[in-house]
Amino acid sequence: MEAQQPHYQTLDYNTLNGGVARHYEPFEDEILRGNTMDGLVRLGAGVFGRLAPYSAWHIEAHQFRIEVNGEEVGRPTPEGVHRDGVTFVLMAMIGRNNAIGGESTVFNLEKEPVAKFTLSDVLDVALVNDERVYHGVSPIEQVDPRLA
């Protein structure tokens, strides 16, 4: 396991945040070494390992938290439809509360939509071949401002 590192994408892949080293809070040790993370890494390694058995591995993990306050919408992918510049992506929903939206769309390389879904329940997972598709997520809004 490597030390905590910033996430970096080139401007070719992310015209909004590319070229910038983005720092995220490190995982708490109990989460990083817990059963859920272990299961997600094993799932990704099992599936992606079969798809690209002779590839070198570099695994990054980030905890994205999208919060909405009733006045502004949350933008999970502010850069819009994009590719991440990696081989594969595993997205997992850890929790969702008082929110609507967040529909993921997968696009072919001509940027035509081919699939839509919403990760809404705990451990809903999407596996993406980043070399073959683009993806994006619609804005998220608060359902009931009284439950903030």
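Spin-label model, Met91/Phe64: points 7 Å from Cα along the beta carbon direction are separated by 0.6 nm. Longest segment of the chain with no chymotrypsin sites (Phe, Trp or Tyr not before Pro) in a DSSP loop having at most 11 other Cβ atoms within 10 Å? With a cap of 11 other Cβ atoms within 10 Å, the longest stretch comes to 65-148.
Using a probe of 1.4 angstrom and keeping all protein chains present, the accessible surface of the range 1-92 works out to 75 square angstrom per residue. Taking Cβ atoms as reference points and 13 Å as the exclusive limit, the residues near Gly95 contribute a net charge of -1, counting Lys and Arg as +1 and Asp and Glu as -1.
Can you give the FRET efficiency to the nearest 0.05 for Glu103 and Thr36, using r as the Cβ-Cβ distance and R₀ = 22 Å?
Approximately 0.35, to the nearest 0.05.
Are there trypsin sites (Lys or Arg not before Pro) in the range 1-70 that DSSP marks as loop and that have at most 11 other Cβ atoms within 10 Å, and which are they?
Values: sites: Arg22, Arg33, Arg42, Arg50, Arg65; in loops: Arg33, Arg65.
Passing both the DSSP loop test and the Cβ count: Arg33, Arg65.
Let me know the shape class of the range 1-125, please: from the alpha-carbon gyration tensor, a ≥ b ≥ c as square roots of the eigenvalues, rounded when a/c is under 1.5, otherwise prolate if a/b is greater than b/c, or oblate.
It is rounded, given that a/c, with a ≥ b ≥ c, falls under 1.5.
Spatial offset of the range 130-148 relative to the range 34-77 amounts to 15 Å, using the alpha carbon center of each. In this rough spin-label picture, where each label sits 7 Å from Cα along the Cβ direction, the Ser120-Leu43 distance is 1.8 nm.
The values are calculated or read from the model by the stated rules, or taken from the named source; none is laboratory data. The model shown is predicted, which means the values in this text are computed figures rather than measured ones. Positions of Cβ are backbone-derived with ideal geometry, glycine not excepted, and every protein chain shown enters the neighbour counts. With ligands, DNA and RNA removed, areas are computed over all heavy atoms of the protein, side chains included. Shrake-Rupley method; radii C 1.70, N 1.55, O 1.52, S 1.80 Å.
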